[in-house]
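Some notes on the structure that comes next.
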Amino acid sequence: MEQRRIGDVDVSAIGLGGMPMSIEGRPDEQRSVRTIHAALDAGVTIIDTADAYHLYADDVGHNESLIAGALASYGGDTSGVLVATKGGHLRPGDGSWTLNSSPEYLKSACEASLKRLGTDAIGLYQHHRPDPKVPYADSIGALRDLLDAGKIRMAGISNADPDQIRLAQEILGGRLVSVQNEFSPRFRSSEPELRLCDEIGVAFLPWSPLGGIGSAGGLGDRFPAFGEVARAHGVSPQQVCLAWMLAKSPVVIPIPGSSRPETILDSVAADRLRLSDEELARLDG
Ligand SMILES: NC(=O)c1ccc[n+]([C@@H]2O[C@H](COP(=O)([O-])OP(=O)(O)OC[C@H]3O[C@@H](n4cnc5c(N)ncnc54)[C@H](OP(=O)(O)O)[C@@H]3O)[C@@H](O)[C@H]2O)c1
């Protein structure tokens, strides 16, 4: 698969988002492991997860443990796989998502993720979402301390606006490697962050790139231009969507979620799909 870059690491241009395998509607563990193994077979080397991808109060880190287990049981070499996790969100078990980005909490969350991932240093640790109760600079200061302590190899942020991206870059002393924001045909307002990442050479990871769990299947109906271009190429609208994102900038690395081998295998084929300038303009419209 085409390679792109996060910090000093080459990764596949399309990643795997782990969330659908661990939250509401998650499949049984065997199907999830088959999905992760199918992604690895296809050359995926970036897997996105978070400690908050779980369902019940007592299964925090379900997705991190699942991914660590699937990597361990995979027959091939996984040394080149970047597992990107996050801290700062919590799920108390009632379906809600809460926030805690105090430096103390982020550092303790990172320690717990290190244990679940079974590593001495997390490949990419991302601040999950700004917490209005905590100054952003303090939360990012925790990431800087984790980098300096060697607990994390690279630092990223998520759900950040351009000012927060610039502030994070300053606090991390130029070591910010990635920004993960929502971006899809239905949610295009992250274009300014995407353009800023392109300018400063920071990876941009669109989350919910297909419109999110439950909506991804209907992408071609909801956005007819994607369905029409897909029919012209004999591929799925989801592949067209991912190819459209890849064409926006070499810093873009979409992380479509999957809970079935079929969907991740269809998604990874997007890196071979070339769209004309006219088609790209139509999808932008
Ligand atoms: N930073 C944040 O705040 C944040 C927030 C949300 C998500 N994320 C990350 O971003 C990742 C992606 O977002 P998401 O999972 O919410 O939404 P998504 O990627 O837009 O959609 C996921 C759904 O798309 C389906 N799908 C995937 N590839 C497909 C294909 N080629 N054809 C048809 N359907 C396809 C999957 O179905 P099946 O389940 O049937 O395989 C899956 O349920 C997450 O997994 C998570 O890692 C981050």
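The values are calculated or read from the model by the stated rules, or taken from the named source; none is laboratory data. Since the structure is predicted, the reported quantities are computational estimates derived from the model, not experimental observations. All Cβ positions, even for glycine, are placed from backbone atoms using ideal geometry, and neighbour counts span all protein chains on display. Areas reflect the complete protein model, heavy atoms only, side chains present, ligands, DNA and RNA absent. Shrake-Rupley method; radii C 1.70, N 1.55, O 1.52, S 1.80 Å.
Assess whether Asp10 counts as being closer than 30 Å to Gly201 by Cβ and either within 19 Å of the chain's Cα centre (by Cα) or within 15 Å of the ligand (Cβ to nearest atom) (or both). In short, yes. Against the condition closer than 26 Å to Val179 by Cβ, surrounded by fewer than 18 Cβ atoms within 10 Å (Cβ to Cβ), touching a helix residue (DSSP H, G or I) at 6+ places or on another chain (Cβ under 9 Å) and among the hydroxyl-bearing types (Ser, Thr, Tyr), how does Thr98 come out, does it pass? No: the conditions fail for Thr98.
Residues that are among the acidic types (Asp, Glu) and within 9 Å of the ligand (Cβ to nearest atom) within the stretch 15-67 comprise just one, Asp48.
When the stretch 255-268 is limited to residues that are assigned to a helix (DSSP H, G or I) and open to solvent by less than 20 Å² (accessible area, probe 1.4 Å), the one that is nearest to Leu219 (Cα to Cα) turns out to be Ser267. Taking first residues from the stretch 59-75 that are closer than 16 Å to Val44 by Cα and partners that are polar (S, T, N, Q) and in a loop (DSSP other than H, G, I, E, B), the Cβ contacts under 7 Å between residues at least 6 apart in sequence or on separate chains come to Ile67/Thr49; Leu71/Thr78. Selection of first residues in the stretch 194-209 that are part of a helix (DSSP H, G or I) and of second residues that are hydroxyl-bearing (Ser, Thr, Tyr) and more than 13 Å from the ligand (Cβ to nearest atom), restricted to Cβ pairs under 6 Å at least 6 apart or on distinct chains, gives the following pairs, ordered by first then second residue: Asp198/Ser249. Taken across the stretch 19-40, residues that are over 20 Å from Ile213 (Cβ atoms), in a loop (DSSP other than H, G, I, E, B) and not aromatic (Phe, Trp, Tyr) do not occur at all. Only one entry of Ser249, Ser178 meets the criterion of being open to solvent by less than 30 Å² (accessible area, probe 1.4 Å), assigned to a loop (DSSP other than H, G, I, E, B), more than 9 Å from the ligand (Cβ to nearest atom) and in contact with a helix residue (DSSP H, G or I) (Cβ under 9 Å, 6 or more places away or on another chain), and that entry is Ser249. The single residue among Gly123, Gly156 that is more than 13 Å from the ligand (Cβ to nearest atom) and at pLDDT 95 or above turns out to be Gly123.
Here is the figure for the stretch 65-92: residues that are open to solvent by 40 Å² or more (accessible area, probe 1.4 Å) and under 22 Å from Pro132 (Cα atoms) total 2.
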